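The structure appears below as structure tokens.
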Amino acid sequence: MQLMPIDIGIEENDRREIAQGLSKLLADTYTLYLKTHNFHWNVTGPMFQTLHLMFEQQYNELALAVDLIAERIRALGFPAPGTYKEFANLSSIREEEGVPSAEDMIRKLVEGQEAVVRTARSIFPAVERSHDEPTADLLTQRMQVHEKTAWMLRSLLAK
């Protein structure tokens, strides 16, 4: 069964390029979700309660974000990646091995939040060239969330 052609004012090659960028964003977001959830489960120390709750808020927000990103990829006419193998190949964020200290968890999450921002920012040239305002809006919103979250996490490390 062939779907109807997509005629939204963005050429297929441009939609493909944007979808590929969004696939990397999806992979980064999902990998950060997994890392944040892992840290939520395994954090210890005097900041346990604060970090446990903060990490829970963050992974819940990331869980909603992956759906928005995947649905935008689908709206552009391409399949969204959805396996750990695909995410591992596409993500700029590496999975965590072992259980770092609470302070190292914070540092690693700052790095992850900033990596997602860089990935989102890298998609903008194709988005702007194609006048893809819905994707630009999604990227802007994601960047705001990740920059704010990185700032909040970084603030916990101030001495």
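The values are calculated or read from the model by the stated rules, or taken from the named source; none is laboratory data. The shown structure was predicted, so the numbers you read here are calculated from the model rather than taken from an experiment. When we count neighbours, we look across all protein chains shown, and the Cβ atoms used for this are built from the backbone with ideal geometry, even at glycine. For the accessible areas, the whole protein counts, side chains as well, though only heavy atoms, and no ligand, DNA or RNA atoms are used. Shrake-Rupley method; radii C 1.70, N 1.55, O 1.52, S 1.80 Å.
Listing for the model above:
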read-out: Per-residue HN-Hα couplings for segment 86-94 [Karplus 6.51, -1.76, 1.60; θ = phi - 60°; Hz; x = Gly/Pro]; value: 5, 4, 4, 6, 8, 7, 8, 9, 8
read-out: The chain - accessible surface per residue (Å², probe 1.4 Å); value: 58 Å²
read-out: Helical contribution to [θ] at 222 nm, DSSP H n ≥ 4, -39,500 (n - 2.57), averaged over the chain, rounded to 500; value: -26000 deg cm²/dmol
read-out: For S92, residues with placed amide H under 5 Å, excluding near neighbours; value: D28
read-out: Test item: Cα-centred dipole of segment 8-99, Lys/Arg +1 and Asp/Glu -1 on Cβ, debye; value: 60 debye
read-out: Note, ³J(HN,Hα) from phi for segment 43-52, Karplus 6.51, -1.76, 1.60, rounded to Hz, x at Gly and Pro; value: 5, 9, x, x, 9, 3, 4, 4, 5, 4
read-out: Sorted peptide list for 109-117, 74-82, 135-143, 41-49, criterion being average Cβ within 10 angstrom, highest first; value: 109-117, 135-143, 74-82, 41-49
read-out: Backbone HN-Hα couplings from phi across segment 124-137 [Karplus 6.51/-1.76/1.60, Hz, Gly and Pro as x]; value: 4, x, 5, 5, 5, 4, 8, 6, 8, 4, x, 5, 4, 4
read-out: Net charge contributed by nearby residues that have their C-beta within less than 12 Å of L25 (K/R +1, D/E -1); value: +4
read-out: Relative packing of 60-69, 91-100, which averages over residues the other C-beta atoms within 10 Å, highest first; value: 60-69, 91-100
read-out: Diffusion coefficient, µm² s⁻¹, Stokes-Einstein with Kirkwood Rh over alpha-carbon pairs of the chain at 20 °C and 1.002 mPa s; value: 131 µm²/s
read-out: Most to least accessible of H52, H146 (protein chains only, probe 1.4 Å); value: H52, H146
